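Structure record follows, encoded as structure tokens.
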Amino acid sequence: MKPVLNVVPRVTVAVTAAPAEGVVVSARSRGRKPLRGVARRIRSKPLTLTVKAMRAVVQRVASASVEVEGRIVSEIGPGLLVLVGIHDSDSDADADYICRKVLNMRLFPNENTGKAWDHSVMQKKYQVLLVSQFTLYGFLKGNKPDFHVAMPPQKANPFYASLVDRFRNTYNSDAIRDGVFGAMMKVNLVNDGPVTMQLDSQSSKNTSDTAES
């Protein structure tokens, strides 16, 4: 008699990580039904992260300008272009943090010592161009952008204006420029480096949260 061999069906295990669906573990046998005890679903909370903070994208520039309806409304020479996104839960503490950090970020070289990252925009006596940018809080639902976590315009307008005042009062009023809130703006810049940094306020506020579907 020929010896009897135990035949184990070939099994493929697939793991799918889906933030809105949890983690799915399944087993498929080629030409056979899944083995009992192998196919199972691990139920877990969605893993989508939402940052609840003011957001700034900071670019070191040789020059930058904002154009509205064919007219240049603001322009700077060497300095920083700062795109500002305001979250619906932002407070004065977030504005203070962003203002302090942007003005003290050491993004410029020190020609005297040769150090590349040594001077802030204030030490260089350069300018800052602030531009309100609610799309920094956009996320995609399929292929369509959603901006519901951004602060509503009627509330964001005075809040953004107070942020601009903070920069002017902390630094030099003449060195701070800004765009036109709510306008369709064309932002032109010559990125120096290029150097681009993202800054979020109050990391202690960042929590695991689920974006609404």
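Please treat every number below as a calculation from the coordinates, not as lab data. Since we're looking at a predicted model, the values are computed, not measured. Every residue, glycine among them, receives a Cβ derived from its backbone with ideal geometry; neighbour counts consider all protein chains shown.
Extension gain, Asp165 to Arg106, is 19.0 nm, computed as 0.36 nm per intervening residue step minus the present C-alpha separation. With the charge dipole of region 75-187 set up from +1 on Lys and Arg Cβ and -1 on Asp and Glu Cβ about the Cα centre, the Cα lying farthest toward the positive end among the listed residues Gly77, Ala175, Asn112 is that of Asn112.
Looking at region 55-200, what % of its DSSP beta bridges pair antiparallel, to the nearest 5?
75 percent
Sequence gap of 8 or more, or different chains, plus Cα separation below 19 Å: how many lysine pairs satisfy both in region 55-200?
The number of close lysine pairs in region 55-200 is 4.
Evaluated with a Cβ-only charge set (Lys, Arg +1; Asp, Glu -1), region 55-200 carries a dipole of roughly 200 debye about its Cα centre, given to the nearest 20.
Pairwise alpha-carbon distances in region 55-200 exceed 26 Å for 24% of all pairs. Between Trp117 and Thr196, the contour length at 0.36 nm per residue exceeds the Cα-Cα span by 27.1 nm. Once the Cβ-Cβ distance of Val73 and Lys141 is raised to the sixth power relative to R0 = 41 Å, the FRET efficiency obtained is 0.80. Label zone of His148 (point 7 Å out along Cα→Cβ, amide N under 14 Å): in region 85-121 this covers 88.
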